[in-house]
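The values are calculated or read from the model by the stated rules, or taken from the named source; none is laboratory data. Owing to the predicted nature of the structure, the values given are computational and were not obtained by experimental measurement. All Cβ positions, glycine included, derive from the backbone under ideal geometry; neighbour counts span all protein chains shown. For accessibility, only protein heavy atoms count, side chains too; no ligands or nucleic acids. Shrake-Rupley method; radii C 1.70, N 1.55, O 1.52, S 1.80 Å.
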Amino acid sequence: MKFFIDTANLKEIDEARSLGMLDGVTTNPSLISKESVFNQKDIQKHYISICQRLKNEENLSAEIISTDYNKMIQEGEELSFLHPKIVVKIPITKNGIKAIKYFSNKKIKTNCTLIFSTGQAILAAKAGASYVSPFLGRLDDISHNGLNLIREIKNIYENYHFKTKILAASIRHPLHIIECSKIGIYATTSPINVIYSLLNHPLTDIGLDKFIKDFHSKIK
Ligand code: E4P
């Protein structure tokens, strides 16, 4: 199972790398706006800095802002020329689907984002998206079952041998990661804190504390 980090923060990316838990990075316009970037040039430099931290098959999903088809193509091409590790992240709209098809024909990787329904995921796969990002947490927030969506998408993609990889997004807590791994999808993308939460167990803390105390009570 792959762990992508949902952030545009270089420190967090380095931290995930040092943990050995970095298989890729996803960003979105809200995340990039939290960094020290004030214009397009800054953003491009920032994306390049992220890409320079990536190895082997790891990649960075960088999202386009435009919604007009021609502008989407222009923006996506600019992003993909920036660095070979960039995957163009495109929202699921009518123009988005057309843009994904365009990039897929050009062998440029895409991540179809803001997926909240099975129908959207089918269209993204039909258009040739490399990745699809269903937003688990935001569905849970409105009392829908995000995990059911992931199960359905996986089932349909398997039925039709779609090559689109499922990258579960909007991950809020460790159970999301565990349940996604049971379903068997390609990857989750989460904030680093959620990965740290997987570490926590009170019996581990109590056990470690006792081991250290027992050792020091006898051995000087
Ligand atoms: C997906 O790629 C998005 O960047 C992200 O996972 C959204 O998560 P949020 O709902 O926590 O903002």
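What to note about this one:
- Remark: the range 17-71 projects, on average over all directions, an area of 4.9 nm² (convex hull of Cα atoms).
- Between the range 65-93 and the range 163-187, the alpha-carbon center distance in angstrom: 24 Å
- Ordering 20, 203, 33 by the projection of their Cα atoms onto the charge dipole of the chain, which places +1 on the Cβ of Lys and Arg and -1 on the Cβ of Asp and Glu, puts 20 at the extreme positive end.
- Spin-label proximity, residue 182 to the range 134-151 - amide N less than 13 Å from point 7 Å beyond Cα toward beta carbon: 147-148, 151
- Sum of -39500 (n - 2.57) over DSSP H runs of 4+, divided by residues of the chain (222 nm, nearest 500): -16000 deg cm²/dmol
- Rounded FRET efficiency, nearest 0.05, which uses the C-beta distance separating residue 159 from residue 34 and R0 of 35 Å: 0.35
- Equivalent ellipsoid semi-axes - Cα gyration tensor, the chain, angstrom: 34, 22, 14
- Distances between placed amide hydrogens fall under 5 Å for residue 87 paired with 60, 61, 62, all partners being 5 or more residues away or on another chain.
- Rounded accessible area of residue 1 (nearest 10 Å², 1.4 Å probe): 110 Å²
- Per-peptide average of other Cβ atoms within 10 Å, ordering 106-115, 8-17 highest first: 106-115, 8-17
- Probe 1.4 Å, protein heavy atoms only - accessible area per residue of the chain in square angstrom: 55 Å²
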